[in-house]
Amino acid sequence: MHNSGDEAEPDGGTAGDLAASQASGLSRRGFLARAGSAVMGAGLLAGYGTFAAYALRYLYPAHPREQDWLLVAPLAQLPKGAALAFVAPDGQKIAIARQGEGESAQDFVALGSTCPHLGCQVRWEGQNNRFFCPCHNGEFDKTGKGIGGPPGKAGQSLPRFPLKVEYGILYIQVPLDSLPRPV
Ligand code: FES
């Protein structure tokens, strides 16, 4: 009697069985490939997530860094046009320059003196009314904005620190701790 189903195969199966088994093999491979991609994607996400968590923690520490006012010098020791080097407790190097004749904090400026280009030390040039980096002729205006050389081209600036004057003495506000590190 004629078999209305699939033709018999040598190993005893049918063409239908073979097609079904091929289809199931394909779908198994497809499933495994998709599962592998999903696992890889999850791994990548976890890696990026960890990196993002460290970055956010660095940028927005849970506890704001402790700041305090530290004595710089009596005003008389820093005449107009002069500058001095100051090192904050966390190691940041700062250039403090007297730019005016007056005796208020506005007559002074305190800027991080590490050049944002490649890290050389910038210095105040009172006669040129600018901060200057000798490594690649980097130039900053009196407020620390890059105006020449690589920092000028890149639009980089020097970080500024608050100053105050009390009883003829100049103080600077700086972080007291060292930079937080991811754990
Ligand atoms: S390191 Fe200052 S301009 Fe290059």
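The values are calculated or read from the model by the stated rules, or taken from the named source; none is laboratory data. Worth saying up front: this structure is predicted, and the values here are computed from it rather than measured. Counting neighbours? That spans all protein chains shown, and the Cβs are built from the backbone with ideal geometry, glycine included.
Check the stretch 172-183 and report whether any residue there is assigned by TED's automatic domain parsing to the domain that holds residue 76, in a loop (DSSP other than H, G, I, E, B) and free of Cβ contacts under 8 Å to residues at least 40 places away in the same chain. Scanning the stretch 172-183, I find no residue that is assigned by TED's automatic domain parsing to the domain that holds residue 76, in a loop (DSSP other than H, G, I, E, B) and free of Cβ contacts under 8 Å to residues at least 40 places away in the same chain, so the answer is no.
Considering only the stretch 148-169, I want to know if a residue exists there that is modelled with pLDDT of 95 or more, away from the ligand (no atom under 13 Å from the Cβ), more than 30 Å from the chain's Cα centre (by Cα) and surrounded by 14 or more Cβ atoms within 10 Å (Cβ to Cβ). Within the stretch 148-169, one or more residues are modelled with pLDDT of 95 or more, away from the ligand (no atom under 13 Å from the Cβ), more than 30 Å from the chain's Cα centre (by Cα) and surrounded by 14 or more Cβ atoms within 10 Å (Cβ to Cβ).
Give the residue, chosen from 100, 91, that is surrounded by fewer than 18 Cβ atoms within 10 Å (Cβ to Cβ), without any contact (Cβ under 8 Å) to a residue 40 or more places away in the chain and either more than 16 Å from the ligand (Cβ to nearest atom) or part of a helix (DSSP H, G or I) (or both). So the residue among 100, 91 that is surrounded by fewer than 18 Cβ atoms within 10 Å (Cβ to Cβ), without any contact (Cβ under 8 Å) to a residue 40 or more places away in the chain and either more than 16 Å from the ligand (Cβ to nearest atom) or part of a helix (DSSP H, G or I) (or both) is 100. Examine the stretch 57-66 for a residue that is closer than 20 Å to residue 175 by Cβ, at pLDDT 95 or above and touching a Pro at 6+ places or on another chain (Cβ under 8 Å), and state whether such a residue exists. So far as the stretch 57-66 goes, no, none of its residues is closer than 20 Å to residue 175 by Cβ, at pLDDT 95 or above and touching a Pro at 6+ places or on another chain (Cβ under 8 Å).
Within the stretch 122-149, residues that are assigned by TED's automatic domain parsing to the domain that holds residue 111 sit with their Cβ atoms under 7 Å from residues that are within 11 Å of the ligand (Cβ to nearest atom) and β-branched (Val, Ile, Thr), at 6+ positions apart or across chains, in these pairs: 131/122; 132/122; 133/122; 138/122; 140/122.
Considered as a group, the residues in the stretch 116-144 that are within 8 Å of the ligand (Cβ to nearest atom) and closer than 14 Å to residue 85 by Cβ include one that is surrounded by the fewest Cβ atoms within 10 Å (Cβ to Cβ), and that residue is 120.
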